[in-house]
1. Condition first: surrounded by 24 or more Cβ atoms within 10 Å (Cβ to Cβ) and more than 9 Å from chain A (Cβ to nearest Cβ). Now tell me which residues in the range B:58-98 satisfy that.
2. In the range A:576-588, is there at least one residue being part of a loop (DSSP other than H, G, I, E, B) and under 27 Å from A:Phe55 (Cα atoms)?
3. Pick from the range B:111-129 the residues that are near ligand 3 (Cβ under 9 Å from one of its atoms) and among the polar types (S, T, N, Q): which of them is farthest from the other protein chains (Cβ to nearest Cβ)?
4. So is A:Asp428 in a helix (DSSP H, G or I) and more than 14 Å from chain B (Cβ to nearest Cβ) or not?
5. Within the range B:36-57, which residues are surrounded by fewer than 24 Cβ atoms within 10 Å (Cβ to Cβ) and either within 16 Å of ligand 2 (Cβ to nearest atom) or part of a loop (DSSP other than H, G, I, E, B) (or both)?
6. If the requirement is being modelled with pLDDT of 95 or more, crowded, with 17+ Cβ neighbours inside 10 Å, in contact with a Gly (Cβ under 7 Å, 6 or more places away or on another chain) and of a type in the set (A, V, I, L, M), which of these qualifies: B:Ile331, B:Ile290, B:Ile229?
7. Report yes if B:Lys132 is within 15 Å of ligand 3 (Cβ to nearest atom) and surrounded by fewer than 20 Cβ atoms within 10 Å (Cβ to Cβ), otherwise no.
8. Would you confirm, using the coordinates I've provided, whether B:Ser51 is touching a strand residue (DSSP E or B) at 6+ places or on another chain (Cβ under 7 Å), under 30 Å from A:Ala259 (Cα atoms) and within 11 Å of ligand 1 (Cβ to nearest atom)?
Amino acid sequence: MTTIQQPGSELPLQQLENVVIRFAGDSGDGMQITGNQFTMTSALAGNDLATLPDFPAEIRAPVGTRPGVSGFQLQFSANDIHTPGDAPDVLVAMNPAALAVNLSTLKPGGLIVVNTGSFKATDLRKAKLETNPLEDGSLDAFRVIPVDINQRVLDALSDSELSKKDKARCKNFYTLGLMYWVYSRPLETTMDWLATKFAKKPDLVSANQTALQAGYNAGDIHELFQGRYEVPKTDALPAGTYRNINGNQAVALGVVAGAQLAGLRPVLGSYPITPASTILEELAGLKRFGVITMQLEDEIAAVCAAIGASFTGCLGVTSTSGPGMALKGEAMGLAVSAELPLLILDIQRAGPSTGMPTKVEQSDLLQAVFGRNGDTPMPVLAASSPADALEVTIDACRIAVEFMTPVIFLSDNFIANGSEPWLLPDLDTLKEFPVEFATNPEGHRTYMRDEKGSRPWVKPGTPDMAFRIGGLEKDTDGNISYDPDNHQSMTDQRHQKVQNVANTYPPTEVVGETKGDLVVLGWGSSKGIITQSVIDSLQAGRKVSRIHLRNIWPLPNDLDEILTGFKAILVPEMNVGQLARVLRSEMPHQNFISYSKVTGQPFLVSEITEKIATILEN
Amino acid sequence: MSNQATLTKKDFQSDQEVRWCPGCGDYVILSAIQKHMAEVGADPSNVVFVSGIGCSSRFPYYMNTYGFHTIHGRAPAFATGIKVANPELDVWLITGDGDAMSIGGNHFIHALRRNINMNVLMFNNQIYGLTKGQYSPTSPEGKRTKTSPMGAIDRPFNPISLALGANSTFAARTLDTDSKHMAAIFSAAHKHQGTAFVEILQNCVIFNKDFYNDTVAKDVRAEKTIDLIPGEKMIFGSEREKGLRVNGWNVEVCSAEESDVWDAGTESSAPAFLMSQMDDDPNLPMPLGIFRSVDATCYDKAVNGQVEEALAKEGPGDLKELIWSGNCWEID
Ligand SMILES: Cc1ncc(C[n+]2csc(CCOP(=O)(O)OP(=O)(O)O)c2C)c(N)n1
Ligand code: SF4
Ligand SMILES: [Mg+2]
């Protein structure tokens, strides 16, 4: 850009197709709120978008340090996009640590808006920087917009009665205002949000609104930028009503919807754990839907209480993450043995052990499919995006009640906290799967089976239907049996029942050619990234198709035949190749190439694109 | 069956063959419960027996009611889910000293503090029966078992003290050899609104035979035990000549006339705790009967109450409205 700007005159407005922006600051700087507000405003402006919140597990790591940096990346676009973007075009850095941590990801020539007010010697020391990056030439490859945000916020709020500390806390809204100006965004959405958020504290409403406006005005007045940008609304999204949704909200809605479609009351037993806690929080606020939530003493109690609820004829649900899954194993086995419906929501995080609670990984797959004592088969489904999470949750409810089985739903931190525009579904098109409880003692047997292999469900309280069940092996009447042939038969029946779930799947979809040299077979939250990689590869003239698995277990019946059409199958996963291992054992004759990444960060589009290129070139 | 006017004990017996060892105390407890159920006119189709794992936990299979034999130690959590999901059900929890105080200790204390409206019967044989005779958290110090050949060195839990510490609203102790006493305690527990914890001293004839005979055998029981009956004087002794009274922080033996009237409903659980600690004092009788019985909010009611409150305040939830809530926008 060469335009030299005269003070006061209109700045040039440049149209961009898409922008990747990363807000980064201290955990106490409110970067998640800033990012979410920018997201909301961009959504209302009609952009397609995808987000990647990236925050530390500590609530407040030491101020100004690198571990304390909290980031929020967002891609907004006039086109159809699938990922939050590999590399930011713009980095907003509120302190030296945020700059240092994020600089390497920024695009060459990218824009850095930096809060110079936080670059004193002590700030640099906390960030473990020996020299000041603003002065030592390390930012030469970028365009730097230095703004003393700390001071400007204080100036803007000179009339406010707030303490200096409270005034300083408005700096994220000043920053947001500035970025709204750069990208020609209206302030209304955030102004309204502030008014509701702090409704009980009018002085905070006005201070933050003033800061937002001041940031916006600064763009005009202070000639910080040489121009403004505009990302026009997209026409890639189908017509309809949209809202933003993150994965855990979608799951909560899915539980309510799924239970309604089954005609049951949902009962959630849970124990807080990152990144699953917000499901419990969301559902606790939905009591008017008849939802019961219980925060139990631990994850074991949580799943047991949920199974207890299913025993009474409700839809038992439990939500957790990997460490909690490990604790629930024995009780899940009881639900398999007793054959009671149960929805187990596992929002995966990086492991092993406590691992990295706020980072993304897909490493609970084997635990979900196999991680219990005994031959304990259980259907496993995985959501691929926040919006998809609703549909998958509903389907998991359906399988649980239709097959009288516990079902594991897998999501991850990327889906749980990431958000995307969600085309609101037409609820009338959702298919009901009403549960019919058995009430007639005539010819009834506790473990008799229907054509699907499922057993009848009896509600305690029903006259003349009393039964006793448990985890001991039982015969068809539910009586304890250690008979060898009976155990063989019951094991086979439980296995067959879960296999039968695959008969209810829609045909597996292949995106692109159905035969060729390479197909990328993905699962879970990498869908957007894989989609973009495949699009980029096709544009580069590389022939590659794509399949995304929703049903991890049992695998789709048609999968083997479909994969036979491809010479190689690339399986990218954020673990050390867990799905690939399952696929190899089920289809040993196929050529699976595992591509593993376990950094706690999602794949980059470029990583998968390069992998595709390498495979096709060899 | 539910509409029949009078049921007998037999109506509460399932068709399953009972498989405890001959002479096991569990038989008489089962019989006492079946009798109690018939006497109070319980509707078998409205009753659920939930249990963990152990000899005692086989109990539900033998009751002609709904039953759930769950996993080791976790029965209180299952029962919590059952009672919250359907507060109409009459929920009974059957557990052992290992099941409740060892692997399930956490769930046990939390069920008590939440005050779920159910009955918890803990069969205390001071041993792991089902796994063939290892010491349990209620085995006395010095107890020699297969896993403690030189004597147990763990300090045991006092189940009543533990329950009181967990804010139990009802705690009682009874004895498998005394059907009348069991009947009285079961009936009080059943009437109690909240978690009614009943410790039943139970004879494991195979691995801990007659462990309690020093205190409860016919010839010593009158001297070595006292029956705590709320509202009645605390009297014991073969001639019922002795009594108990509370003096400061101590309980002391006095004459029957001088004895205090037992109050299980004091606001503080301190008196009940004092009574429970008498077990450890060789000069004082071991209490049976009702240590504590007070009213408090039941979790199961409260959970459902909040749902009803939300429904009354906000009206029944509309899924469409919920999905359409928040900032929506149109794309055309
Ligand atoms: C997770 C688990 N750990 C261990 C066991 C083995 N086990 C079964 S019952 C039991 C102890 C039972 O003792 P108690 O609760 O006192 O019951 P009792 O048999 O004496 O009635 C043990 C250790 C088990 N079933 N499950
Ligand atoms: S082992 Fe002991 S507790 Fe178990 S059934 Fe036999 S006598 Fe009863
Ligand atoms: Mg025992």
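The values are calculated or read from the model by the stated rules, or taken from the named source; none is laboratory data. This one's a predicted model, so the numbers in the text were calculated from it and none came from an experiment. Cβ atoms come from the backbone with ideal geometry, glycine included; neighbour counts cover every protein chain shown.
1. Selection gives B:Phe59, B:Val91, B:Trp92, B:Leu93, B:Ile94, B:Thr95, B:Gly96, B:Asp97, B:Gly98.
2. We begin by selecting, within the range A:576-588, every residue part of a loop (DSSP other than H, G, I, E, B); these are A:576-577, A:587-588.
With the extra rule that they be under 27 Å from A:Phe55 (Cα atoms), the set shrinks to A:576-577.
Within the range A:576-588, one or more residues are part of a loop (DSSP other than H, G, I, E, B) and under 27 Å from A:Phe55 (Cα atoms).
3. Result: B:Gln126.
4. Working: in a helix (DSSP H, G or I): yes; more than 14 Å from chain B (Cβ to nearest Cβ): no.
It is false that A:Asp428 is in a helix (DSSP H, G or I) and more than 14 Å from chain B (Cβ to nearest Cβ).
5. Filtering the range B:36-57 down to residues surrounded by fewer than 24 Cβ atoms within 10 Å (Cβ to Cβ) leaves B:36, B:38-47.
The answer is B:Val40, B:Gly41, B:Ala42, B:Asp43.
6. Details: B:Ile331 fails: modelled with pLDDT of 95 or more; B:Ile290 fails: in contact with a Gly (Cβ under 7 Å, 6 or more places away or on another chain).
Testing whether each residue is modelled with pLDDT of 95 or more, crowded, with 17+ Cβ neighbours inside 10 Å, in contact with a Gly (Cβ under 7 Å, 6 or more places away or on another chain) and of a type in the set (A, V, I, L, M) leaves just B:Ile229.
7. Values: within 15 Å of ligand 3 (Cβ to nearest atom): yes; surrounded by fewer than 20 Cβ atoms within 10 Å (Cβ to Cβ): yes.
Spelling it out, B:Lys132 is indeed within 15 Å of ligand 3 (Cβ to nearest atom) and surrounded by fewer than 20 Cβ atoms within 10 Å (Cβ to Cβ).
8. Values: touching a strand residue (DSSP E or B) at 6+ places or on another chain (Cβ under 7 Å): yes; under 30 Å from A:Ala259 (Cα atoms): yes; within 11 Å of ligand 1 (Cβ to nearest atom): yes.
Yes.
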